[in-house]
1. With a 1.4 Å probe and all protein chains left in place, how much of the accessible area of the stretch 156-247 comes from carbon and sulfur atoms, in whole percent?
2. Under a Cβ-Cβ cut-off of 13 Å, what is the net charge of the residues other than residue 250 that fall near it, where Lys and Arg count +1 and Asp and Glu count -1?
3. Can you list the equivalent-ellipsoid semi-axes of the stretch 156-247, largest first and in whole Å, using the square root of 5 times each Cα gyration tensor eigenvalue?
4. When 1/r is averaged over all different Cα pairs and the result inverted, which Kirkwood radius in Å belongs to the stretch 136-185?
5. Mind checking which of 195, 99, 181 is farthest towards the positive end of the stretch 99-229's charge dipole, using Cβ charges of +1 (Lys, Arg) and -1 (Asp, Glu) about the Cα centre?
6. Which pairs, out of 171/219; 143/176; 143/219; 143/205; 171/313; 75/271, put more than 21 Å between their alpha-carbon atoms?
7. As a test question: what accessible area, to the nearest 10 Å², does residue 51 have when a 1.4 Å probe is rolled over all protein chains in place?
8. Lys/Arg Cβ at +1, Asp/Glu Cβ at -1, dipole of the stretch 190-334 taken about the Cα centre: which of 235, 293, 328 is farthest positive-ward?
Amino acid sequence: MGKLLCDPSAAAVAEALPPSPAPAPPPPLLAWSSPAPASSPEASISPTGWDAVWALEDQQRRRLHRIWERGVAWKPSSPGAGEAALPPVVFRLDHGGEVDADGNCLFTAARTAAAAKADARELRHRAVRRFAEVYAAAGEDDKNAVDAAVRHLYAPDLKAGWGVHVVQEIKVLVPKAQRHALDSAIQELVDLGIQREIAAETIYKERCITVDNGDSWTKYMSISGSSEDEHDIITLQYTEEGLLTIDENRDGRAAAFGDDIAIECLATEFKREVYVVQAHGADAMVDEDNCVFFLPHRPRGEVCEPPIFLFMKGTAWCGAGADHYEPLIATVLQHVTPDKAAVIL
């Protein structure tokens, strides 16, 4: 699952932080250094045609097939000092297969799309470490901008936003070692006659970590739903009338969904742009020629290789927030010029 920033102030995170400091080089992430031509043996990652991809409406499928036929042209931005210029490339985008809906889909899809050596959990942790380095080096104003974006995503003001959302969520984190103590505190309030959900809401808000700034974001985004995680995620859901329900995540399997901040960190780690390709259905009230969007995420620093593409279905979603990432496999269309491509990035 994934969450995209819909608010302009949240999208400004990309501009808020300074360029990342240069850390010691990590182990190599990539298994290859440039996109393989469509006829090359290296391109045999078994992509599937768009006719075989489930849960697409006809208009989405037709538009994606036209993009597949004519390709996507990518022209690198002008290189900075010390950066080698990359030539324009036209890619064919194939669907790279289904990904488990376990909360780790952003990192699993990115691993496949980039042919990365690291597994999804390691990619998650590298993204978090990258963010922590940049956040620690940021100035006060930049940190405040990032904190505001995190609050918008995970600790929204429940007095606002109801014109867009029917349900809003607040995420809190509880150390796994403290679950028993919290349960006991909740039970004490229940014994006093307080309804259990109200008692749980009170204890979780008072004693858990609210995801409302850069430091708590690093704790949240580190959670992959593994027994090795330090914290569990608890989700409080609200309607305009008040508390709707609490997902207490008793089995500790809930993972932090990837968001735009995590995507930018992955782009920086790969030194490649990451494009999220959103395909919207008829519910989004857009015509067929405009139902597919390419949302760019640039790395902090140099771009050394062609982009990574991730697919996000928009059926019955209307761009409202969290959804599911799947990999796209990009192969070079050698006999298509950029001006003939279906999409120019």
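1. Working: 2330 of 4820 Å².
Exposed carbon and sulfur together represent 48 percent of the surface.
2. Values: positive: 176, 179, 253; negative: 183, 232, 247, 248, 251.
So the environment of residue 250 carries a net charge of -2.
3. So the three semi-axes of the stretch 156-247 are 22, 21, 10 Å.
4. Values: mean 1/r = 0.0732 Å⁻¹.
It works out to 13.7 Å.
5. Positive-most Cα among the choices belongs to 99.
6. On the way: 171/219 12 Å; 143/176 28 Å; 143/219 16 Å; 143/205 23 Å; 171/313 24 Å; 75/271 16 Å.
Exceeds cut-off: 143/176; 143/205; 171/313.
7. In the full protein context, residue 51 sits at about 130 Å².
8. Sorting the options by dipole projection puts first 328.
The values are calculated or read from the model by the stated rules, or taken from the named source; none is laboratory data. In this text the structure is predicted, and so the values were computed from the model without any measurement. Note that we place each Cβ from the backbone using ideal geometry, even for glycine, and neighbour counts take in every protein chain shown. Ligands, DNA and RNA are excluded from the accessible area calculation, which covers all protein heavy atoms including side chains. Shrake-Rupley method; radii C 1.70, N 1.55, O 1.52, S 1.80 Å.
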